[in-house]
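Notes follow the structure.
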Amino acid sequence: MRKIEAKSICKKFDDLEVLKSIDMTVDEGEVVAIIGPSGGGKSTFLRCLNKLETINGGTIIIDGETLVSTDENGNVRYADNSSRIACRMGMVFQQFNLFPHMTVLENLMEAPVHVQKRNPAEVQKEAEALLEKVGLLDKRDQYPLRLSGGQQQRVAIARALCMKPDIMLFDEPTSSLDPELTGEVLKTMRNLAEDHMTMVVVTHEMGFAREVATKVLFMADGYIQEQGSPEEIFGNPKNERLKSFLKSILK
Amino acid sequence: MDYIISIIPQMLMGTVDTLRLFFITIVLAIPLGIFLAFCRVSSFKLLRDVVAAYVYVLRGTPLMLQLLFVYFGLPFIPVIGVRLDDFPAAVLAFVLNYGAYFCEIFRAGLQAIPKGQFEAAKTLGMNYAQTMRRIILPQVFKIILPPVSNETITLVKDTSLIYVLAMNDLLRTTRNLVQRDFNIMPFVVAAVFYLVMSMILTYGFNKLEKHFARWD
């Protein structure tokens with residue numbers, strides 16, 4: 001089943017065209033890795049999917065519901081319930097963005113209880129199960145700033161999962177972590193992929209893209225230059241831009 | 001010593017006026033400041049500019065001048081032309097003035113919150129009011145505690161300006177005693193009174209800062 005469909009997405013910041021025309025589809029259970037040089041529009045594209053950035057043209061359909069569409073005159077129209085559609089996707093940020101004034105458990109329970117209005121006792125049970133899964137149940141009553149970066153990011157993943165999202169978006173989840181802490185976060189993401197979560201991951205971790213992703217997109221200069229299975233992208237790249245990118249990072 | 005004990009009742013009476021002005025100003029100026037700060041960061045340009053001009057005028061002129069203007073000047077303004085009693089006039093001038101300062105403190109606090117906090121709240125489906133109340137403001141309060149504490153202690157001392165309106169606050173009572181008795185002891189006692197008030201405030205704010213430091 002189709003989870004995300006993005007058609008001819010354009011995004012400008014003032015006069016700078018960051019996304020020129022992006023098409024992408026994600027099916028249920030797929031893990032899509034988006035790789036490419038910095039400034040190529042990867043993060044911007046991800047942020048367009050859940051409305052953290054508004055687009056200047058194109059169509060985004062999430063789980064069969066139109067989030068935003070563009071008519072033939074170029075008028076972009078967001079659906080009335082676009083915010084509700086957008087928050088069906090969990091988001092994990094490079095900078096974690098945990099709420100520092102709440103304990104780990106409170107971070108997880110905040111939105112399910114106050115936005116989704118679910119029963120606090122049930123939410124707490126689920127939150128604790130999620131913390132167990134990411135290996136941080138013993139930190140439930142700690143404040144986030146007391147934790148290491150890797151632990152904070154695992155809490156952030158658990159917090160997003162606590163909303164029971166259909167899709168998880170990751171925006172360079174390991175880029176602000178020490179090398180020795182990235183492993184624990186990648187392992188958590190790998191477990192998630194094994195549970196058949198639909199995931200879109202912007203990453204510089206080529207090992208992760210190669211081993212976990214079902215599809216890899218190479219984005220540069222506002223376009224998707226090449227896409228395919230990890231074997232095709234890493235084993236047999238065709239696009240010149242991709243070849244030189246891989247060469248420079250695998251050196 | 002007997003002299004000091006003999007003047008204390010009168011000085012306490014003066015302190016009551018001082019504290020009355022202090023508390024009423026705090027209770028009204030802080031909400032005013034929060035309201036103005038939200039105007040100052042709103043997306044409505046005219047509102048932003050009006051508040052910026054307000055802050056500029058109220059911070060750019062002496063509080064003493066504002067006090068005199070509200071008390072002696074307002075009656076001469078066409079249309080408004082109200083004559084306020086001395087205490088309401090003092091409250092109005094202090095609230096307007098301190099509201100401007102608190103506005104700038106809250107604005108700085110709001111703008112110090114990383115954008116990521118707003119984005120995280122948004123991706124979790126929180127609306128503007130929920131984001132503000134549950135995520136942003138608790139963090140703002142922690143950030144602004146030191147400048148608010150500073151401003152509050154300044155206010156305790158600024159209340160002495162109402163002496164120009166011939167109100168018998170702590171300072172004016174003190175001066176009357178000095179002139180009546182040809183004794184400078186009341187000045188020393190007044191200093192101790194002000195120091196005690198500042199000490200209590202400092203203690204209170206330190207407690208609050210400790211409370212908010214638990215998540216560092």
Given (1) open to solvent by less than 50 Å² (accessible area, probe 1.4 Å); (2) more than 24 Å from A:P112 (Cα to Cα); (3) not charged (D, E, K, R), identify the lone condition not met by B:P146. (1)
Scope the range B:42-71; condition loosely packed, with under 11 Cβ neighbours inside 10 Å and either touching a residue at least 12 places away in the same chain (Cβ under 8 Å) or within 24 Å of B:M132 (Cα to Cα) (or both); matching residues: B:S43, B:F44, B:K45, B:L46
In the range A:82-139, anything open to solvent by 40 Å² or more (accessible area, probe 1.4 Å), more than 9 Å from every other protein chain (Cβ to nearest Cβ), assigned to a helix (DSSP H, G or I) and not small (G, A, S) is listed as A:E106, A:P120, A:E122, A:Q124, A:K125, A:E126, A:E128, A:E132, A:K133, A:L137, A:D138, A:K139
Report, by residue number, each residue of the range A:23-49 that is under 20 Å from A:S82 (Cα atoms) and open to solvent by less than 10 Å² (accessible area, probe 1.4 Å). A:M24, A:V26, A:F45, A:L46, A:C48, A:L49
Is it true that A:S148 is away from chain B (no Cβ under 14 Å) and either surrounded by fewer than 16 Cβ atoms within 10 Å (Cβ to Cβ) or touching a residue at least 12 places away in the same chain (Cβ under 8 Å) (or both)? yes
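State all residues of the range B:72-120 that are among the polar types (S, T, N, Q) and open to solvent by 20 Å² or more (accessible area, probe 1.4 Å); if no residue qualifies, say none. Walk me through it before giving the result.
Going through the range B:72-120, the residues among the polar types (S, T, N, Q) turn out to be B:97, B:111, B:117.
Within the range B:72-120, B:Q111 is the sole residue that qualifies.
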Checking A:R210 against (1) modelled with pLDDT of 95 or more; (2) among the basic types (K, R); (3) more than 15 Å from the chain's Cα centre (by Cα), which test does it fail? (1)
Can you list residue pairs whose Cβ atoms sit under 8 Å apart, with the first residue in the range B:204-216 being away from chain A (no Cβ under 11 Å) and under 14 Å from B:V148 (Cβ atoms) and the second being part of a helix (DSSP H, G or I) and open to solvent by 70 Å² or more (accessible area, probe 1.4 Å)? Count only pairs 6 or more apart in sequence or on different chains. none
Residue within the range A:77-93 that is farther than 19 Å from A:L169 by Cβ, touching a Ser or Thr at 6+ places or on another chain (Cβ under 7 Å) and among the charged types (D, E, K, R) present: yes
Please go through the range A:1-22 and give me each residue that is open to solvent by 10 Å² or more (accessible area, probe 1.4 Å) and of a type outside the set (D, E, K, R), ordered by number. A:M1, A:S8, A:C10, A:F13, A:L16, A:V18, A:S21
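For the range A:156-169, give me each residue that is of a type in the set (A, V, I, L, M) and within 12 Å of chain B (Cβ to nearest Cβ). Let's see the steps before the verdict.
So in the range A:156-169, the residues of a type in the set (A, V, I, L, M) come out as A:156-158, A:160-161, A:163, A:167-169.
Passing the criteria: A:A156, A:A160, A:L161, A:M163, A:I167, A:M168, A:L169.
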Members of the range A:57-81 found to be open to solvent by 10 Å² or more (accessible area, probe 1.4 Å), away from chain B (no Cβ under 14 Å) and either in contact with a Leu (Cβ under 6 Å, 6 or more places away or on another chain) or not in a strand (DSSP E or B) (or both), listed by number: A:D63, A:G64, A:D71, A:E72, A:N73, A:G74, A:N75, A:A79, A:D80
Conditions (1) within 14 Å of chain B (Cβ to nearest Cβ); (2) open to solvent by less than 20 Å² (accessible area, probe 1.4 Å); number of the one not met by A:V202: (1)
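Let's see how each residue does on (1) over 22 Å from B:M64 (Cα atoms); (2) within 14 Å of chain A (Cβ to nearest Cβ):
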position: B:R107; (1), (2): yes, no
position: B:A120; (1), (2): yes, yes
position: B:M126; (1), (2): yes, yes
position: B:A129; (1), (2): yes, yes
position: B:M132; (1), (2): yes, yes
position: B:I136; (1), (2): yes, yes
position: B:Q139; (1), (2): yes, yes
position: B:N150; (1), (2): no, no
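Matching residues to (1) of a type outside the set (S, T, N, Q); (2) at pLDDT 95 or above; (3) open to solvent by 90 Å² or more (accessible area, probe 1.4 Å); (4) more than 18 Å from the chain's Cα centre (by Cα):
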site: B:N176; (1), (2), (3), (4): no, no, no, yes
site: B:F182; (1), (2), (3), (4): yes, no, yes, yes
site: B:V188; (1), (2), (3), (4): yes, no, no, yes
site: B:I200; (1), (2), (3), (4): yes, yes, yes, no
site: B:Y203; (1), (2), (3), (4): yes, yes, yes, no
site: B:K210; (1), (2), (3), (4): yes, no, yes, yes
Among the residues in the range A:34-56, are any more than 14 Å from chain B (Cβ to nearest Cβ) and part of a strand (DSSP E or B)? yes
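The values are calculated or read from the model by the stated rules, or taken from the named source; none is laboratory data. For clarity, every value in this text was computed on a predicted model and none was experimentally measured. Glycine gets a Cβ as well: all are built from the backbone with ideal geometry, and neighbour counts include every protein chain shown. SASA here: full protein model, heavy atoms, side chains in, ligands and nucleic acids out. Shrake-Rupley method; radii C 1.70, N 1.55, O 1.52, S 1.80 Å.
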